[in-house]
Amino acid sequence: MFWVELFKAARRWRTWLLGAALGGIPIILVISLLLSPGSGSSGEDGPPFYELIVRNGFFTPLAALGALQVFLLPLDASLLSGDAVAGEAATGTLRYLLVRPVGRLRLILSKYAAAVVLITLLILWVTIVGLVAGGAAYGWGPMPTLSGSTLSPGAALLRIGAAACYIATGMGALAAVGVFASTLSDSAPGASVATVALAIVSQILESLSALAPIHTFLISERWLAFVDLFRDPIVWGEMAEGLVAHALYAAVFVALAGAILAHKDVMS
Amino acid sequence: MNALATHGLSKSYGDQTVVAELDLAVPKGTLYGFLGPNGAGKTTTIRMLLGLVKPSAGRAELLGQDVNVGASAPGVLDKVGALIEEPGLWPYLSGRSNLLCMARSGGKDERLGRIDEVLELVGLSCAASKRVKAYSQGMRQRLGIALALLGSPEVLVLDEPTNGLDPPGMREIRGLLRRLSDDGVTVFVSSHLLFEVEAMCDRVGVLAGGRLIAEGTPSELRAPGEHLRIEVDDAARAGGVLAALRGVEVEAGDEGSLRVTLGDGLDPSEVNRKLVEAGIAVRALVPERRSLEEVFMALIEGSNS
């Protein structure tokens with residue numbers, strides 16, 4: 001069923017549009033910087049890559065991912081995961097899958113795995129486009145780290161790949177919430193909107209220092225920790241916490257989704 | 001063995017009862033018509049039979065195995081094909097890809113070889129590579145039936161299978177179901193089209209208010225209250241002769257004919273013999289059977305009062 005999900009995604013325009021839109025972001029980033037060579041800095045809250053982007057092509061994918069992670073990547077993760085069960089309910093295919101028969105737990109796991117793989121592919125796609133566009137514009141010289149040292153191109157590629165994968169785990173956690181929301185509704189857009197709303201609310205709460213005690217439980221709390229990969233030496237603490245938190249989010253919400261679907265009367 | 005059975009099957013939502021202690025038994029190889037007005041509980045019953053909806057009480061059985069709602073699928077569904085209300089299709093895939101994706105999603109793998117065969121069976125071979133988005137309602141319905149047939153099922157559960165088809169299409173599907181049934185497949189078909197059920201089913205169950213209010217072969221259901229239309233040379237004298245018979249009611253029919261209702265155990269040939277013995281020339285003696293529709297309406301009205 002997992003492979004069928006990927007096949008179906010490949011047959012939908014939506015998937016390719018998402019890829020085109022996301023792949024466009026690093027290209028736009030590079031072009032806009034080329035057009036205004038004087039300014040290379042961003043707002044206060046953004047990741048510190050924008051200042052470095054003009055110096056090195058390796059920073060383009062990171063800058064693009066950092067910008068996308070605020071809204072567009074959570075939106076895509078919500079879109080793909082919110083569709084999981086509710087989308088099948090809306091097309092009337094859910095009941096036919098269940099009488100095929102596909103076990104309800106298996107359906108949830110396959111759907112979740114497919115959503116995570118698609119999101120990961122989209123993130124890797126942005127990374128590759130960013131590397132190519134950034135490299136074409138600025139070249140791939142030795143990469144400076146935030147600590148002042150430089151990385152060889154090979155080491156830089158490795159760390160960029162690790163950053164992309166780390167970001168994918170954060171989006172995977174959100175996708176689990178999306179699949180869960182998808183079992184509660186027969187409307188895929190409804191489930192997706194609820195999920196992306198959670199990501200936004202989480203980021204807003206994160207910015208309120210008065211709520212510091214609950215920050216550690218927020219889903220988006222450690223999404224930006226991949227920045228620590230570009231220190232020398234790498235600071236693992238927050239990323240390790242992040243991986244555990246993302247895995248917990250994924251496990252809890254996938255289990256909840258499974259439990260809900262297993263006991264649900266399928267009337268769609 | 002029963003291909004399909006329910007035992008005290010019930011479903012209620014809050015204090016609203018949709019299906020009430022339903023006991024169904026459909027022997028293997030039967031073409032069973034499941035009749036009932038809208039809201040009678042047909043679809044809920046079908047969903048409970050297929051493990052989509054959890055019964056409030058009682059249980060459903062397919063091929064002797066209990067059907068449960070839970071984390072894993074009831075394995076017996078491998079031998080069952082279903083059409084539940086409208087066909088469920090992915091609009092962005094072609095007809096063939098729809099079948100392929102459903103087949104690959106779960107269940108038996110041997111289904112893959114049958115894709116072309118079932119497309120041929122429902123007459124969709126030519127449109128198989130068109131996106132379902134561009135299908136007419138009739139084509140969608142045919143694809144839904146193709147999907148139900150994909151796994152060479154031993155039991156077919158079809159909810160309104162001829163919905164959206166034109167009369168030749170309906171006839172074609174009825175013929176297909178009849179052939180499948182003759183080949184030993186058990187077919188459980190719900191419908192509100194009475195002539196359809198009458199024309200093809202071996203047995204009929206009538207559901208109203210979540211209860212089975214009648215069951216039998218179509219002719220058993222029609223039998224009580226059968227009429228004879230009799231044309232004779234002397235209607236007045238014939239009326240007198242017949243009125244003298246026990247268990248016979250005579251009314252005047254149109255154009256000087258007589259409309260005769262026979263009680264239990266009386267054969268039309270008996271009526272004929274009496275008339276001829278009385279020296280009355282009988283021009284025509286035609287059994288006028290009630291249509292299933294009349295029976296159905298009477299049953300429904302009876303169950304409402």
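The values are calculated or read from the model by the stated rules, or taken from the named source; none is laboratory data. This one's a predicted model, so the numbers in the text were calculated from it and none came from an experiment. Note that each Cβ is placed from the backbone with ideal geometry, even for glycine, and that neighbours are counted across all protein chains shown. Only protein heavy atoms, including side chains, enter the accessible area calculation; ligands, DNA and RNA are left aside. Shrake-Rupley method; radii C 1.70, N 1.55, O 1.52, S 1.80 Å.
Numbers for the structure displayed
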| quantity | calculated |
| --- | --- |
| D (Stokes-Einstein, µm²/s), Kirkwood Cα radius, the stretch A:55-176, 1.567 mPa s at 4 °C | 80 µm²/s |
| Per-residue [θ]222 nm for chain A (sum of -39500 (n - 2.57) over DSSP H runs n ≥ 4, rounded to 500) | -23500 deg cm²/dmol |
| Exercise: per-residue mean of other protein chain Cβ atoms within 10 Å, A:258-264 | 2 |
| Value of [θ]222 nm, deg cm²/dmol, for chain B, DSSP H segments ≥ 4, -39500 (n - 2.57) each, nearest 500 | -9500 deg cm²/dmol |
| Chain A - Debye-derived log10 I(q)/I(0), Cα point model, q = 0.14 Å⁻¹ | -0.96 |
| All-pairs alpha carbon distance profile, the stretch A:140-263, 10 Å steps from 0, percent | 13, 34, 29, 17, 6, 1 |
| Computed magnitude of the charge dipole of chain A (debye, nearest 20; Cβ of K, R +1, Cβ of D, E -1) | 940 debye |
| Calculated SAXS-style log₁₀ I(q)/I(0) at q = 0.32 Å⁻¹ - the stretch A:140-189, Debye, Cα scatterers | -1.07 |
| Per residue, the convex hull volume that the Cα atoms of the stretch B:70-178 enclose (Å³) | 101 Å³ |
| Spherically averaged projected area in nm², based on the convex hull that wraps the Cα atoms of the stretch B:1-117 | 9.0 nm² |
| For the stretch B:178-227, alpha-carbon Rg and Dmax in angstrom | 12.1, 36 |
| Entries of A:8/B:133; A:264/B:11; B:79/B:130; B:42/B:79; A:111/B:42; B:54/B:133 with Cα pairs more than 24 Å apart | B:79/B:130; A:111/B:42; B:54/B:133 |
| Residues along the stretch B:55-101 losing 30 Å² or more of accessible surface when the other protein chains are present rather than the chain by itself (probe 1.4 Å) | B:69, B:70, B:71, B:73, B:77, B:84, B:88, B:90, B:92, B:93, B:101 |
| Ellipsoid equivalent to the stretch B:62-108 - semi-axes via the Cα gyration tensor, in Å | 24, 12, 10 |
| Coarse-grained scattering of the stretch B:184-305 at q = 0.18 Å⁻¹, given as base-10 log I(q)/I(0) from a Debye sum over alpha-carbon atoms | -0.92 |
| Carbon plus sulfur fraction of accessible area for the stretch B:182-236, probe 1.4 Å, in percent | 48 percent |
| Radius of gyration, Dmax [chain B; alpha carbons; angstrom] | 23.9, 76 |
| Distance cut-off 25 Å, percentage of C-alpha pairs in the stretch B:127-245 lying past it | 44 percent |
| Interface size B-A, as summed buried accessible area [1.4 Å probe, Å², nearest 100] | 3000 Å² |
| P(r) histogram, all alpha-carbon pairs of the stretch B:1-63 included - 10 Å bins from 0, percent | 23, 56, 19, 2 |
| Computed over the protein assembly as shown, the ratio Rg/Rh where both radii use C-alpha atoms and Rh is Kirkwood | 1.20 |
| Accessible surface, the protein assembly as shown, averaged per residue in Å² (probe 1.4 Å) | 42 Å² |
